[in-house]
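To keep things clear, I will list the structure first and then write my remarks on it.
The values are calculated or read from the model by the stated rules, or taken from the named source; none is laboratory data. What you see is a predicted model, and the numbers here were worked out from it, not measured in a lab. Heads up, the Cβs are rebuilt from the backbone with ideal geometry, glycines too, and the neighbour counts pull from every protein chain shown.
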Amino acid sequence: MTAAPEPLLVATDLRKAYGPTPALDGAELTVRAGEVVAVMGPSGSGKSTLLHCLAGIVTPDSGDVRYRGQQMSLMSDGERSALRRTDFGFVFQFGQLVPELTCLENVAMPLRLAGRRRKDAEALAATWLERLEVTDLAGKRPGEVSGGQGQRVAVARALVGAPRVVFADEPTGALDSLNGERVMRLLTDAAHDTGAAVVLVTHEPRVAAYSDREIVVRDGKSRDMERAA
Ligand SMILES: Nc1ncnc2c1ncn2[C@@H]1O[C@H](COP(=O)(O)OP(=O)(O)OP(=O)(O)O)[C@@H](O)[C@H]1O
Ligand SMILES: [Mg+2]
């Protein structure tokens, strides 16, 4: 019998309050290599806070996040930001591309930050633009492309560095359903091909349908729908 693979990310009993408001109140989540986990729940329930804790952007008041067995709260700020550069990719609701850079330069940026030479970085970035079906946007700036096109560029940027985990917070929230579904299909296909896990925050059941597993967050508490079923 082979042992189940060690989970990539394990969050246990996370608590985080902003003043008197508890944003997380005992949330838990496990992410295994290569799986797409949808985090659902009403507005204000703590989904983004959970994602930020998992990614080491927000430090919980108590509880524990382990990434590949390492407790993130024991890492220095520098170690956590290095981890975000090397192991994690991010897609947010509004792309958050750098407006002064072309789409190609935006996608190449994570590689440039990791020390890759411009020529190599841009060659690899071009293959990701092609994969996301936006090759023709390479020389355009984010202000010159549509919302759906910009999100495809953002997905390319999130995946170009071969991350182990992609964190996506409402990646299709600003798109119509047709473009949203195209972005989700491209994101999940690329993640499955590269073996990246995806933590996907969404309100929309249609978007969550692209996941392998669903977690529901309510009042800062999480519930694994598979285990509950
Ligand atoms: N930086 C912050 N400062 C103060 N309160 C915050 C902050 N971030 C989140 N909160 C509060 O924590 C709670 C959870 O917020 P969070 O953003 O995690 O919810 P969410 O589920 O992502 O909501 P939405 O679906 O609207 O994005 C809310 O009550 C919110 O107002
Ligand atoms: Mg949110």
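Some points to look at:
- Verdict on T194 being within 29 Å of A82 (Cβ to Cβ) and more than 16 Å from ligand 1 (Cβ to nearest atom): yes
- Considering segment 153-199, and only residues there that are of a type in the set (V, I, T) and part of a loop (DSSP other than H, G, I, E, B), the residue that is nearest to S45 (Cα to Cα) turns out to be T172.
- Taking the listed residues A82, A33, the one that is under 22 Å from L187 (Cβ atoms), surrounded by fewer than 16 Cβ atoms within 10 Å (Cβ to Cβ) and either in contact (Cβ under 8 Å) with a residue 24 or more places away in the chain or away from ligand 2 (no atom under 16 Å from the Cβ) (or both) is A33, with no other qualifying.
- Residue tally, condition more than 18 Å from the chain's Cα centre (by Cα) and not β-branched (V, I, T), over segment 67-121: 26
- Segment 177-190, subset touching a residue at least 12 places away in the same chain (Cβ under 8 Å) and more than 16 Å from the chain's Cα centre (by Cα), residue farthest from ligand 2 (Cβ to nearest atom): R182
- Among the residues of segment 41-61, those identified as crowded, with 17+ Cβ neighbours inside 10 Å, among the small types (G, A, S) and either outside any loop (DSSP other than H, G, I, E, B) or within 15 Å of ligand 1 (Cβ to nearest atom) (or both) are G41, S45, G46, S48, A55.
- Within segment 197-210, the set of residues being hydrophobic (A, V, I, L, M, F, W, C) and away from ligand 1 (no atom under 16 Å from the Cβ) comprises A197, V198, A209.
- So R112, is it away from ligand 1 (no atom under 16 Å from the Cβ) and either under 28 Å from V217 (Cα atoms) or touching an Asp or Glu at 6+ places or on another chain (Cβ under 9 Å) (or both): yes
- Close pairs (6 angstrom Cβ cut-off, 6 or more residues apart or separate chains): surrounded by fewer than 16 Cβ atoms within 10 Å (Cβ to Cβ) and modelled with pLDDT under 95 in segment 113-132, aliphatic (A, V, I, L, M) and part of a helix (DSSP H, G or I) anywhere: none
- For segment 191-211, the criterion of being in contact (Cβ under 8 Å) with a residue 60 or more places away in the chain, surrounded by fewer than 20 Cβ atoms within 10 Å (Cβ to Cβ) and within 16 Å of ligand 2 (Cβ to nearest atom) is met by at least one residue.
One line per residue, one yes/no per condition, for (1) of a type in the set (A, V, I, L, M); (2) touching a strand residue (DSSP E or B) at 6+ places or on another chain (Cβ under 6 Å); (3) in a helix (DSSP H, G or I):
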site: G63; (1), (2), (3): no, yes, no
site: Q93; (1), (2), (3): no, no, no
site: L129; (1), (2), (3): yes, no, yes
site: Q151; (1), (2), (3): no, no, yes
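Per-residue answers, yes or no, for (1) surrounded by fewer than 22 Cβ atoms within 10 Å (Cβ to Cβ); (2) more than 13 Å from ligand 1 (Cβ to nearest atom); (3) touching a residue at least 24 places away in the same chain (Cβ under 8 Å); (4) among the charged types (D, E, K, R):
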{"residue": "A11", "(1), (2), (3), (4)": "no, yes, yes, no"}
{"residue": "Q70", "(1), (2), (3), (4)": "yes, yes, no, no"}
{"residue": "L97", "(1), (2), (3), (4)": "no, yes, yes, no"}
{"residue": "T102", "(1), (2), (3), (4)": "yes, yes, yes, no"}
{"residue": "V107", "(1), (2), (3), (4)": "no, yes, yes, no"}
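- Residues being surrounded by fewer than 24 Cβ atoms within 10 Å (Cβ to Cβ) and β-branched (V, I, T) - total across segment 166-190: 1
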